[in-house]
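The block underneath contains the structure these notes are about, expressed in structure tokens.
The values are calculated or read from the model by the stated rules, or taken from the named source; none is laboratory data. None of the values given here were measured: they were computed from a predicted structure. All Cβ positions, glycine included, derive from the backbone under ideal geometry; neighbour counts span all protein chains shown. SASA here: full protein model, heavy atoms, side chains in, ligands and nucleic acids out. Shrake-Rupley method; radii C 1.70, N 1.55, O 1.52, S 1.80 Å.
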Amino acid sequence: MECYQEDVPHVLAVDDNLIDRKLVEKLLKSSSCRVTTAENGMRALEYLGLRETHQQSNFSGNGSKVNMIITDYCMPGMSGYELLQKIKESSILKEVPVIIMSSENIPTRINECLEMGAEMFMLKPLKLSDVKKLRHQLTNVEGDKR
Amino acid sequence: MDAVSQLQRQFVEYTTSLYREGYLDDQFTQLQKLQDESNPDFVVEVVTLFFEDSEKLLNNLTTALQQENIDYKQVDAHVHQFKGSSSSIGAQRVKNVCVVFRNYCDEKNLDGCVLCLQQAKNEYILIRNKLEALFNLEQQILQAGGSVPMMA
């Protein structure tokens, strides 16, 4: 697949676990994505240019350059769900697909995330086949879904 | 059989035994699949991070369980981390101990937790030794001019 630099999707990966961050980064890079990692929700929001108390009208974050956000659910401080919520409440970022990852397969949790607007819920640990699904999702974002 | 072939056979046998005995699961294979020419040391890098992270977690757990008033939420948080990272690299036996450990945390069962901590330490040391031996074999093969067999 021929990719120009601008065509490479940029994914923001959020996880408090160092090993998981390294793994998700490699998985995404192996699927021709550019990756930025954040170790918690606050850092993710800072990177995206959103802050807890208000949204900036003259947007100066990196949000417009991110094609997808993938976040762990269980994180100290701000959970992945709370991060998802903040993104979906943002007029600037609400269209960015958000994937939630969790090591726990809890139907109520999954439904809660999907209802809040998560694109997908993935079980950890992530595998190559999972990332292939994600990649497919990225190319489908504009077109017909499911 | 020449030296390289012997080493390669040892490598295959050793790896197979690690899976058979449950020390490693498919997730370790996933890590190996991610290693390529652009990132030839990926597995060693991730596993090294795991070793460093695990030692910190085990120390934190030891301290947390020695407190007068144990904060089981904090203990559980550490075990959750340990379960996550061991699962991500395919360290199956460590992960399995963590599952039991979390149940004891939920029950605020100190004896259970102390037992699990010891088991976690034991399993960690075992997998660390075995992975180091595996990496050692890989080095020997490469130094003898051979290539490391791909385990499908």
Report yes if B:Leu110 is surrounded by 15 or more Cβ atoms within 10 Å (Cβ to Cβ) and at pLDDT 95 or above, otherwise no.
no
Scan the range B:1-15 and report the pairs whose first residue is open to solvent by 90 Å² or more (accessible area, probe 1.4 Å) and whose second residue is in a helix (DSSP H, G or I), with Cβ atoms within less than 7 Å and a gap of 6+ or a chain change.
B:Gln10/B:Leu137
Checking the structure you have, find out if any residue of the range B:38-60 is part of a loop (DSSP other than H, G, I, E, B) and away from chain A (no Cβ under 14 Å).
no
Within the range B:16-37, can you find the residues that are among the hydrophobic types (A, V, I, L, M, F, W, C) and within 14 Å of chain A (Cβ to nearest Cβ)?
B:Leu24, B:Phe28, B:Leu31, B:Leu34
Enumerate the pairs (first residue in the range B:67-82 and within 14 Å of B:Lys56 (Cα to Cα); second residue anywhere and open to solvent by 30 Å² or more (accessible area, probe 1.4 Å)) with beta-carbon separation below 6 Å, excluding pairs fewer than 6 apart on the same chain, so at least 6 apart or on different chains.
B:His78/B:Asn60; B:Val79/B:Arg102
Could you check the range B:129-152 and list, in sequence order, the residues that are in a helix (DSSP H, G or I) and open to solvent by 60 Å² or more (accessible area, probe 1.4 Å)?
B:Asn129, B:Glu132, B:Asn136, B:Gln139, B:Gln140, B:Leu142, B:Gln143
Looking only at the range B:84-104, decide whether some residue is in contact (Cβ under 8 Å) with a residue 60 or more places away in the chain, surrounded by 15 or more Cβ atoms within 10 Å (Cβ to Cβ), within 14 Å of chain A (Cβ to nearest Cβ) and of a type in the set (A, V, I, L, M, F, W, C).
yes
